[in-house]
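Remarks on the structure that follows.
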Amino acid sequence: MSGFDRFDFDKMVDRRRSYSLKWDVAENELPMWVADMDFQTAPAVQQAIWKRAEHGVFGYTIVPDEWYEAYMGWWKTRHEFEMKKDWLIFCTGVVPAISSMVRKLTTPAEKVLIQTPVYNIFFNSILNNGRVVLESPLVYENGAYGIDFDDLEEKLSDPQTTLMILCNPHNPVGKIWDAETLERIGELCWKHHVCVISDEIHCDLTAPGCSYVPFASVSEKCRENSITCIAPTKAFNLAGLQTAAVVVPNPVLRHKVWRGLNTDEVAEPNAFAMDAAIAAFTKGGEWLDALREYVFENKRLVEEYVAKEIPGVFVVPSEATYLSWLDCSTFSVPAEELAAFIREKTGLYLSSGEQYGGQGKWFLRMNLACPRSAAEDGLNRLKEGIQAFRSR
């Protein structure tokens, strides 16, 4: 019996009329865009939330020792990284934390480096705060992604570049950066006095048998010159509960980050944030491993189906996230146009790649954190949409 057979990931949960951002679409549409899952969260997390709800009093909440212990225990056991309690700071989300740190650690008009194509909200956190986006595009060759270290160093050496936001594992391309690559990034950032924010929110969503490397674990320079953003929200589908953390080993940097988070009022937990995170990281391991099996079966299904049924589209091999990155460059039209056409013709709602920067304008992103029947429906709609696009 495979791991996911112990949990019912095939169950379709009706998310319409539940104020879901993802499912705020027309009745005939199938949303496979924004990165949240269509699965109910782990039973242990549900039980913790029910117990807290039954208490009936939802006043101001502290950050208890159990919260720190849950994070430290999970990262030590799952990722072989030992964190100290005073490194951890609660925050309401990775994005609010990143925006706060951009404001606190840089000044207006300074440059913040990102490796594109990358999570689109990074652009918002930089531009909305009056800083300048500096792209160091990833190299895409033979269906795989890598880093142009010459370009990276050239841009890090600019005195106006004071911060880098690293995506580890990388969204949307599903790349797990190895220790050697991370150490090389860390050395360059240290050399050029560029602080690193490492967004590691997808770290628990790796393929079975694959593990990620925490940036701060690689070397002393990486540890002392970085802030790591982590959370149970992607892996356990808890984004709406606003519960996350930052890890800051360097005490001087930590004080700045702590001041920024508190000044921006994004360091106070809601009444469910503690219980959900503690339950996820202390009792959710078996469920998560089953989920990873199920999701990566979905991803294999997409690779096989597209290769057989949708010529002209290539699925970039992925080691992490529940997202598939679809290379549609053979059509020579911007992904935004292609995505809009497919949605109009079939109701399939995918993310267009322009928003991720770099050469993302030729790609579509497909969310596969859904029951197998929905994945199959999405693939059939994708095939129908591509065929209709070709025959225009």
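Computed from the C-beta positions of PHE341 and GLU297, the FRET efficiency with R₀ = 35 Å rounds to 0.75. Only Lys, Arg, Asp and Glu carry charge here, each on its Cβ (+1 for the first two, -1 for the last two); on that basis the stretch 50-179 has a dipole of about 640 debye about its Cα centre. Its residue count N sets the reference 2.2 N^0.38 Å, and the alpha-carbon radius of gyration of the chain equals 0.97 times that reference.
Within straight-line reach of LYS361, meaning a Cα separation under 14 Å, sit the following aspartates and glutamates at least 8 residues removed in sequence or on another chain: ASP327, GLU336, GLU337.
Spin-label model, ASP150/GLU187: points 7 Å from Cα along the beta carbon direction are separated by 1.8 nm.
Working from the alpha-carbon coordinates of the stretch 187-267, get Rg over Rh, Rh being the Kirkwood radius.
Numbers: Rg = 14.1 Å, Rh = 14.0 Å.
Dividing the radius of gyration by the Kirkwood radius yields 1.01.
Rounded to whole Å, the principal axis extents of the Cα atoms in the stretch 47-163 read 55, 35, 27, largest first.
Applying a DSSP loop filter and a limit of 10 other Cβ atoms within 10 Å to the trypsin sites (Lys or Arg not before Pro) in the stretch 18-104 leaves LYS84. Evaluating 6.51 cos²θ - 1.76 cosθ + 1.60 at θ = phi - 60° for every residue in the stretch 105-119, the Karplus couplings come out as 9, 9, 10, x, 6, 6, 9, 10, 8, 9, 9, 8, x, 8, 2 Hz, glycine and proline recorded as x. Both the radius of gyration and Dmax for the stretch 147-199 are 10.9, 31 Å, in that order, over alpha-carbon atoms.
Cα centroid separation, the stretch 349-392 to the stretch 231-273: 33 Å. If you sort VAL45, VAL139 by accessible surface, 1.4 Å probe, largest first, the order is VAL139, VAL45. To the nearest 10, the accessible area of GLU54 is 150 Å² with a 1.4 Å probe. Counting only heavy atoms of the protein chains and using a 1.4 Å probe, MET274 has close to 10 Å² of accessible surface.
Could you order LYS234, LYS221 by accessible surface area, starting with the largest, using a probe radius of 1.4 Å?
From most accessible down to least: LYS221, LYS234.
Can you tally the net charge around GLY358? Count Lys and Arg as +1, Asp and Glu as -1, for every other residue whose Cβ sits under 14 Å from the Cβ of GLY358. Mind showing how you got there, number by number?
Working: positive: LYS155, LYS175, LYS361, ARG365; negative: GLU135, GLU141, ASP148, ASP151, ASP327, GLU354.
That sum, taken over residues with Cβ under 14 Å, equals -2.
Between LEU30 and LEU348, TYR349, the built amide H atoms are under 5 Å apart, and every one of these is 5 or more places off in sequence or on another chain.
Surface calculation, 1.4 Å probe, protein heavy atoms: GLU344 sits at approximately 150 Å² accessible.
Can you give the net charge of the other residues whose Cβ lies under 15 Å from the Cβ of PHE272, counting K and R as +1 and D and E as -1? Numbers along the way, then the final one.
Numbers: positive: LYS51, ARG52; negative: GLU54, GLU66, GLU268, ASP275.
With Lys, Arg at +1 and Asp, Glu at -1, the net is -2.
What a 1.4 Å probe finds exposed on the chain is 49% carbon and sulfur by accessible area, rounded to a whole percent.
Shown in residue order for the stretch 211-228 are the 3J(HN,Hα) couplings computed by the Karplus curve 6.51 cos²θ - 1.76 cosθ + 1.60 at θ = phi - 60°: 10, 9, 10, x, 4, 5, 8, 6, 7, 5, 5, 4, 5, 7, 10, 8, 10, 10 Hz (x for Gly and Pro). Taking amide hydrogens as placed 1.01 Å from N in the peptide plane, the amide H of SER198 sits under 5 Å from those of LEU166, ILE227, THR228, CYS229, each at least 5 positions away in sequence or on another chain.
Using unit Cβ charges (K, R positive; D, E negative) and no other charged atoms, how large, in debye to the nearest 20, is the dipole of the chain about its Cα centre?
Details: 40 positive and 54 negative charges, 129 e Å.
Its charge dipole is roughly 620 debye.
For the residue pairs LYS51/LYS104; LYS155/LYS299; LYS85/LYS155; LYS22/LYS104; LYS84/LYS155; LYS221/LYS256, the C-alpha atoms sit more than 29 angstrom apart in LYS51/LYS104; LYS155/LYS299; LYS85/LYS155; LYS22/LYS104; LYS84/LYS155.
Among THR228, THR77, the order of accessible area from largest down is THR77, THR228, computed with a 1.4 Å probe on protein heavy atoms.
Between PRO371, PRO208, PRO108, the residue with the greatest mean-square fluctuation in the GNM of the chain (Cα pairs under 10 Å linked by springs) is PRO108. The Cα atoms of the stretch 330-392 cover 32, 28, 18 Å along the three principal axes, with the biggest extent listed first. Would you mind pulling out the separation of the Cα centroids of the stretch 177-226 and the stretch 21-64, in Å? Taking the Cα centre of the stretch 21-64 as reference, the centre of the stretch 177-226 is 30 Å away.
The values are calculated or read from the model by the stated rules, or taken from the named source; none is laboratory data. Computed from a predicted model, the values in this text were never measured in an experiment. Heads up, the Cβs are rebuilt from the backbone with ideal geometry, glycines too, and the neighbour counts pull from every protein chain shown. Protein only, heavy atoms only, side chains kept; ligands, DNA and RNA dropped before computing areas. Shrake-Rupley method; radii C 1.70, N 1.55, O 1.52, S 1.80 Å.
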